[in-house]
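> This structure is in structure tokens; I'll ask about it shortly.
Read-outs: derived from the displayed coordinates by stated rules, not from any lab. Just so it is clear, the model here is predicted, and its values are computed rather than measured. Cβ: placed from backbone, ideal geometry, glycine included. Neighbour counts: every protein chain shown.
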Amino acid sequence: MFTARNFLSRAAGSALRKPVVNVPRVTAFQPLKIQQKYYSSGGTKDYTVREALNEALAEELERDEKVFIMGEEVAQYNGAYKVTKGLLDRFGEKRVIDSPITEHGFAGLGVGAALAGLNPVVEFMTWNFAMQAIDQIINSGAKTHYMSGGIQPCSITFRGPNGFAAGVAAQHSQDYSAWYGSIPGLKVVTPWSAEDAKGLLKAAIRDPNPVVVLENELLYGQAFPMSEEAQKSDFVLPIGKAKIERVGKDVTLVALSRCVGQALTAAETLKKKYGVEAEVINLRSVKPLDVETIMKSVKKTNHLIAIESGFPSFGVSSEILALSMEYMFDFLDAPAQRITGAEVPTPYAIGLEQLSFPDEDIMVKKTAQLLRL
Amino acid sequence: MVLLNSIRASSRRLLVPGPRLPTTAGYFSSTALARENVPVKQPSRSDSVLFPGAVNSKFTNELKFQKPHDLPAIPTYRLIDAHGVVVDNSREPDVSQELALKMYKDMVTTSIMDLLMYESQRQGRISFYMVSAGEEGIAVGSAAALAPDDVIFSQYREQGVMMYRGFTLDEFMNQLFANKFDYGKGRNMPIHFMSERLHMHPISSPLATQIPHSVGAAYALKLDRSSRIVVCFFGEGAASEGDFHAALNIAATRSCPVVFICRNNGFAISTPTLEQYKGDGIASRGVGYGIDTVRVDGNDIMAVREVTMRARDIALKEQKPVLIEAMSYRVSHHSTSDDSFAYRAKVEVEDWKHRDNPITRMRKWLEAKSWWTGEQDQELRTQVRKDILKAFVRAEKEKKPALENLFLDIYKTPSRDLEEQMAELRRIIEEYPDEYDLGAFDRGKEGL
């Protein structure tokens, strides 16, 4: 699977030298003032998501010598997206390993090492390439503990950028949240902020089960304030707990990964334009899914919109809407809605690509429609 | 089945980058040390290539394609011929009578168990089975060469390995009947054996996935500086899977102490090797990946043992992979779902059965050495048959695993929705007791 790696996206290629956030074609990015006021200023420091992931890896490599990281370009090259920067020099070539180009090879090696008691972190250059390795992730990683009668744990972390980036076309732009979210035996997390990235990746590495960490390339270069607590090496977030990023009373917007930031921006516009207070839930974890937090919120707001950039069919938001039928039907004043990516293989051309994914405008419009504003 | 309780006193060692190799020697080595960027200087008028991808290649003025047919096929090593005669008298198998007889008995037991279980599937008493007829020599012979705590990843035709290691007839039967003593708690198809005690990983259905796993486990042992190795079994059909190629390549580049044993039995279900591959078997691929490789007569159990012992030595001392291609003929059908006479002549199979077979070959050799008689053989077969049937009846009568096993072990600790499902099932069973007959399950309703 080397086809497009060497010219891997205008954005990705340049991501190695400059933060992705500066790529002009990504119009979706808005200033982050909104989120910042939710953090205390005492001891808070700005971290890019890339730095947060890097710190999480370094801390876990330091903490537990059974942890090692393996993938294409992770060692000498410091990672295709520089997430593993400096780790080879610090931890040596036995624990930071450049692999031949063979996704099922190194994913399988990782699973085998996990079955033997190590805690590998397997990096996929992007999750799009992990389709080759999906048999190892699902049939071996997710099922062996069960099929071995519980004697054979598989403590492994699979991580890498997921979803669309900028100008990388259909074969590099797919979102796998729903794919892995449907497999019993896997846990799946989707960090948005730097705190999410650090806390969830560390939790994934420490978890005794196989965990899929779906990062987002467009977020790597984005800076978020990191609280003093989150800067510590013992900071871990619980897998399976969503976070309310913005408190509101009129409508619940459930989002994951990069859509969380967009939903927060949309919420501010909704307030300015209509005086509506939207509650924004950052899912953080796709499996297990925190239905309770969504339910509590919907009880209060009586309106639900699920937001994701994946395909609409059989997606994370389809699941959330199905759960709303099962658990929240009586609290809903209007049918729950979803905002998703378009059901087309992601096109390359700038305008077409933009049309394929939800932006803040559509989130505002759809919410206003739902609330009959 | 955690191999490494703790990586012994290694924190410092692991945290410090390995020694740097400043010389070009590193360039040729397949170890990670070779990754050091050593500048390659090519003297003018050099006769060799020094492209980084083929450092030992010589320049030539002759345009010539390498033709596989021009290369001699890799030879097949054997000690004893089909008549049970030692081929080279100076190379008598180095084995005690006691061990030789154990190996023979394990092969015979495996073949009788296979026969009985095949029949029992035909009677509808178990759902599925795979016999290993014709390949007992590879399984038992290789098992006899390993240390008891070497780690094994097998495919599904290595009953002989388990038999040699001491998997009891009861253990076999408990798995085949998926009763409450089955280590897999009734979650696997028959033949997917496992044993924590014998360091044998659970057998996994998707072909060849175990090959990269074995490399990962070997890497773990390497980091631990263990005196153990990993052994991985697979068939020549599985070697067409990408996993095989990925695993061999990565085992070579990471220098992992693993011995790959390919059972080349001539068929992948119905596909003959002629349609499976074009080259010189699986062995030629090992050479292509830069792995020490040997081909052995799989019907010669003593040759298999010797070759595996040597391979184990190389893997352990030199910390690198070795490939063994053991040749045999699959006398059996692929599985109970297969009737191989649809794609091969019965006479061909019968011919192989009579011409050569690991069990009869060894028996001839044992009898020639006066270590074994026809009478003893008859006695052994009668006794083994009895023992198997006893274990069979015991296992068939046992209860099925408790109901809770439906939900447990999906995660280390059950997730909340699984606990909810479990509670819901309990509620329904209590509400409609007449609809659920739980007598067959361990602890009945209380098993939930």
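> Putting +1 on Lys and Arg Cβ atoms and -1 on Asp and Glu Cβ atoms, find which of B:F65, B:S120, B:I80 reaches farthest to the positive end of the dipole of chain B.
B:F65
> Please state the shape class of chain B: rounded when a/c is under 1.5, otherwise prolate if a/b exceeds b/c and oblate if not, all from the C-alpha gyration tensor.
Note, shape of chain B comes out oblate.
> In a GNM of chain B with a 10 Å cut-off on Cα contacts, which of B:Q319, B:Q159, B:Q66 has the highest mean-square fluctuation?
B:Q66
> Also, quick follow-up: Among the lysines, select those whose C-alpha is under 30 Å from the C-alpha of A:K273, and discard any that sit fewer than 8 residues away in the same chain.
Once the sequence-local lysines are set aside, what remains near A:K273 is A:K33, A:K37, A:K243, A:K249, A:K296, A:K299, A:K300, A:K365, A:K366.
> Let me ask another. So which aspartates and glutamates can A:K66 reach, going by Cα to Cα under 19 Å and dropping same-chain residues fewer than 8 places off?
The reachable aspartates and glutamates, counting only those whose Cα sits under 19 Å from A:K66, are A:E55, A:D89, A:E93, A:D98, A:E123, A:D207, A:D234, B:D224.
> Using θ = phi - 60° and the Karplus form 6.51 cos²θ - 1.76 cosθ + 1.60, what ³J(HN,Hα) does each residue of region B:270-284 get, whole Hz, x for Gly and Pro?
Listing the rounded values in order: 9, 7, x, 4, 4, 9, 7, 7, 10, x, 7, x, 8, 4, 4 Hz.
> Which one of A:P210, A:G275, A:G105 has its Cα pushed farthest toward the positive end of the charge dipole of chain A, where Lys and Arg give +1 and Asp and Glu give -1 at the Cβ?
A:G275
> I've got another one for you. Largest first and in whole Å, give the semi-axes of region A:243-371's equivalent ellipsoid, each being the square root of 5 times a Cα gyration tensor eigenvalue.
22, 17, 13
> While we're looking at this one, here's another question. Looking at A:V83, B:L389, B:Y289, which one has the Cα that reaches farthest to the positive end of the dipole of the protein assembly as shown (charges on Cβ: Lys, Arg +1; Asp, Glu -1)?
A:V83
> Right, next: Which of the trypsin sites (Lys or Arg not before Pro) across region B:102-172 are loop residues per DSSP, with 16 or fewer other Cβ within 10 Å?
Counting only loop positions with at most 16 other Cβ atoms within 10 Å, the trypsin sites (Lys or Arg not before Pro) in region B:102-172 are B:R125.
> Where a ≥ b ≥ c are the square roots of the eigenvalues of the C-alpha gyration tensor, would you call region B:403-447 rounded, which needs a/c under 1.5, or, failing that, prolate if a/b is larger than b/c, or oblate?
Cα axes put region B:403-447 in the oblate bin.
> Next up: Could you tell me whether chain A comes out rounded, prolate or oblate from its Cα gyration tensor? Rule is a ≥ b ≥ c as square roots of the eigenvalues, rounded for a/c under 1.5, then prolate if a/b exceeds b/c, otherwise oblate.
Cα axes put chain A in the prolate bin.
> Hey, what do the phi angles of region A:349-361 turn into as Karplus ³J(HN,Hα) couplings, whole Hz, using 6.51/-1.76/1.60 and θ = phi - 60°, x for Gly and Pro?
After applying 6.51 cos²θ - 1.76 cosθ + 1.60, I find 4, 3, x, 5, 4, 4, 5, 7, 10, x, 10, 4, 4 Hz.
> Oh, and also: Can you list residues whose amide H is under 5 Å from B:I80's amide H, if they're 5+ apart or on another chain and H is modeled 1.01 Å from N?
B:V87, B:A303
> Take peptide A:116-126, look around each residue's Cβ out to 10 angstrom, count Cβ atoms belonging to other protein chains, and average those counts.
Mean number of neighbouring Cβ atoms from other chains: 4.
> For region A:196-202, in order, what is each residue's ³J(HN,Hα) by Karplus, 6.51 cos²θ - 1.76 cosθ + 1.60 with θ = phi - 60°, in whole Hz (x at glycine and Pro)?
4, 4, 5, x, 7, 5, 5
> What average count of beta carbons from other chains do you get within 10 Å of the Cβ of residues in B:235-247?
The per-residue average across the peptide is 3.
> Given springs between every Cα pair under 10 Å in a Gaussian network model of chain B, which of B:D94, B:D70, B:D114 has the largest fluctuation?
Comparing B:D94, B:D70, B:D114 in a Gaussian network model of chain B, the most mobile one is B:D70.
> Here's a follow-up. Sort A:225-231, B:322-328, A:248-254 by packing, meaning the average of other beta carbons within 10 Å per residue, with the highest value first.
B:322-328, A:248-254, A:225-231
> Using Cα-Cα distances under 8 Å and only pairs 6 or more residues apart, what relative contact order does region A:237-287 have, in percent?
56 percent
> Express the Stokes-Einstein translational diffusion coefficient of the protein assembly as shown in µm² s⁻¹, to the nearest whole number, given a Kirkwood radius over alpha-carbon pairs, 4 °C and a viscosity of 1.567 mPa s.
The diffusion coefficient I find is 44 µm²/s.
> Okay, moving on. Could you identify which residue out of B:I429, B:I291, B:I203 has the top mean-square fluctuation in a GNM of chain B using Cα springs shorter than 10 Å?
Per the Cα network of chain B with a 10 Å cutoff, B:I429 tops the list.
> Taking the mean number of other Cβ atoms within 10 Å as a proxy for protection, how do you rank A:185-196, A:314-325, A:66-77 from highest to lowest?
By packing density, highest mean first, the sequence is A:185-196, A:66-77, A:314-325.
> Per residue of A:148-160, how many C-beta atoms from partner chains lie within 10 Å of its own C-beta, taken as a mean?
That average works out to 5.
> Using modelled backbone amide H atoms (1.01 Å from N, in-plane), which distant-in-sequence or interchain residues come within less than 5 Å of A:G149's amide H?
none
> Under a Cβ-Cβ cut-off of 13 Å, what is the net charge of the residues other than A:A170 that fall near it, where Lys and Arg count +1 and Asp and Glu count -1?
With Lys, Arg at +1 and Asp, Glu at -1, the net is -3.
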